[in-house]
Amino acid sequence: MTSPLRLRYQTIEFGNVDIHVCTLRDNQQFDDPNDIALKLGISSATWPLFGIIWPSSLVLAHHIVNHHTEGRRVLEIGCGMALSSLLLNQRNDDITATDYHPEVGVFLERNTQLNHGKAIGYQRVDWADKTSDLGLFDIIIGSDVLYEDEHVNLLADFIDRHSNPNSEVILVDPGRGRKNKFCRRMETHGYSFSQEKPEHTDYLEKPFKGHILRFWRGDVSC
């Protein structure tokens, strides 16, 4: 018999904007009675990782809240709890969220309703899928998505397939040791890049040791 998931409700403040989220209570939760996640290659140990707010997600959301997104089509990859998508949705940006985990869409719908926002476009996608109909985007964002060596090329190639010729990519990397390989791969797709340490991260419990990575190609303002 499977125990019910324990959930947590919290409010995260971004200036005068409040984002309400329902998440898993902790990363010990698990519920895959029909082995849907297991068949996708998601083990019981990694199953709950989508369902909590990670520091990198907070850094991305605090960064993107001050970024120019109006009138631009935005894609969040590996969105998990989709904090940045929920935030951009509050200001009526054109946002699409994606993840591989089968439960992400359920939580995204619930959290969109909690924030009284319009429905957020969502697709469960595999970065290796070359037939996705997502289309092209002006800005692609993500946090803590370089957690396996095999993801370096998969993610860079996925981004290339879904980026407009004039496009921008913003990723928050907590420092998993794959940043340089990824940057080199992005260069092969015509991207320039920069990195910076986030400032004013007093909203985090611990100092953030990672970087905000920014990539751009074509006619995109730096």
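The values are calculated or read from the model by the stated rules, or taken from the named source; none is laboratory data. Keep in mind that this is a model prediction, so the values were computed, not measured. Ideal geometry is used to build each Cβ from the backbone, glycine not excepted, and the neighbour counts take in all protein chains shown. To get the accessible areas, we keep the full protein, side chains included, count just its heavy atoms, and leave off ligands, DNA and RNA. Shrake-Rupley method; radii C 1.70, N 1.55, O 1.52, S 1.80 Å.
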Quiz item: So which residues in the range 144-175 are assigned to a loop (DSSP other than H, G, I, E, B) and open to solvent by 50 Å² or more (accessible area, probe 1.4 Å)?
Solution: Y147, E148, D149, E150, G175
Practice problem: Scan the range 10-52 residue by residue and report those that are under 19 Å from L88 (Cβ atoms) and open to solvent by 50 Å² or more (accessible area, probe 1.4 Å). | Solution: T11, E13, G15, N16, D18, H20
Quiz item: Somewhere in the range 56-63, is a residue exposed (fewer than 15 other Cβ atoms within 10 Å of the Cβ) and farther than 23 Å from N164 by Cα?
Solution: no
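Residue by residue, here is whether (1) touching a residue at least 60 places away in the same chain (Cβ under 8 Å); (2) in a strand (DSSP E or B) holds:
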| site | (1), (2) |
| --- | --- |
| D26 | no, no |
| P33 | no, no |
| A45 | no, no |
| L49 | no, no |
| A61 | no, no |
| G71 | no, no |
| E76 | yes, yes |
| I95 | no, yes |
Quiz item: Which condition number does Q113 fail, the rest of (1) over 24 Å from L24 (Cα atoms); (2) part of a helix (DSSP H, G or I); (3) open to solvent by 70 Å² or more (accessible area, probe 1.4 Å) being met?
Solution: (1)
Quiz item: Residues in the range 179-222 that are touching a Leu at 6+ places or on another chain (Cβ under 7 Å) and either over 16 Å from L155 (Cβ atoms) or modelled with pLDDT under 95 (or both): how many?
Solution: 3
Quiz item: Is one or more of the residues making up the range 171-185 in contact (Cβ under 8 Å) with a residue 24 or more places away in the chain and on the phi > 0 side of the Ramachandran plot?
Solution: yes
